[in-house]
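The values are calculated or read from the model by the stated rules, or taken from the named source; none is laboratory data. This one's a predicted model, so the numbers in the text were calculated from it and none came from an experiment. Ideal geometry is used to build each Cβ from the backbone, glycine not excepted, and the neighbour counts take in all protein chains shown.
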């Protein structure tokens, strides 16, 4: 498969932050803080990276484009909040984004994966140090996943399955790191 830089003339689907925002709002209307809390309570940060500011920016952008409808809701204790609900155009955009995402081939991309591709650029001995550091990081990530699985034991089946997917990917990376270190010592 050819994973090349995208053609700028081709219409792009929703970004991952837009899919997260639209997906969570597909369940029920929420204000920004509730949306972030839902994201956190479902352990979504372990399988998708999005920034808090990106969520608020996406809410504004999606509302301007008519994909969300927002209305002010007076705050009981604190400032007024804007509650957002998905419009029919927003639901269509979410469905389009999900279909594109499922059909789109692509690498399991991480910043560490990019760095691993340039191991040979490190000075002598640097490769072993980098591989050991990556192993520690992945093992720490596995512990975080296990802790999150314990915390959310009564969570949704989908959240449990996505945490299990993250665990399988981390375990596969650890196995790859071990095989690669063995190969280097031959």
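Take the residues in the range 1-60 that are in a loop (DSSP other than H, G, I, E, B) and under 16 Å from residue 156 (Cβ atoms), then tell me which one is modelled with the lowest pLDDT.
47
Just wondering, is there one or more residues in the range 102-113 that are free of Cβ contacts under 8 Å to residues at least 24 places away in the same chain, more than 15 Å from the chain's Cα centre (by Cα) and surrounded by 14 or more Cβ atoms within 10 Å (Cβ to Cβ)?
Within the range 102-113 (the criterion being free of Cβ contacts under 8 Å to residues at least 24 places away in the same chain, more than 15 Å from the chain's Cα centre (by Cα) and surrounded by 14 or more Cβ atoms within 10 Å (Cβ to Cβ)), the answer is no, since none of the residues qualifies.
Does the range 65-84 include one or more residues that are in a loop (DSSP other than H, G, I, E, B), surrounded by fewer than 16 Cβ atoms within 10 Å (Cβ to Cβ), on the phi > 0 side of the Ramachandran plot and not assigned by TED's automatic domain parsing to the domain that holds residue 164?
Scanning the range 65-84, I find at least one residue that is in a loop (DSSP other than H, G, I, E, B), surrounded by fewer than 16 Cβ atoms within 10 Å (Cβ to Cβ), on the phi > 0 side of the Ramachandran plot and not assigned by TED's automatic domain parsing to the domain that holds residue 164, so the answer is yes.
For the range 155-172, name all the residues that are within 19 Å of residue 109 (Cβ to Cβ) and either touching a residue at least 40 places away in the same chain (Cβ under 8 Å) or not in a helix (DSSP H, G or I) (or both).
Matches in the range 155-172: 162, 165, 166, 169.
Out of (1) over 29 Å from residue 29 (Cβ atoms); (2) exposed (fewer than 15 other Cβ atoms within 10 Å of the Cβ), the odd one out for residue 116 is which?
Exception for residue 116: condition (2).
In the range 102-125, what count of residues is obtained for those that are over 28 Å from residue 15 (Cα atoms) and touching a helix residue (DSSP H, G or I) at 6+ places or on another chain (Cβ under 8 Å)?
3
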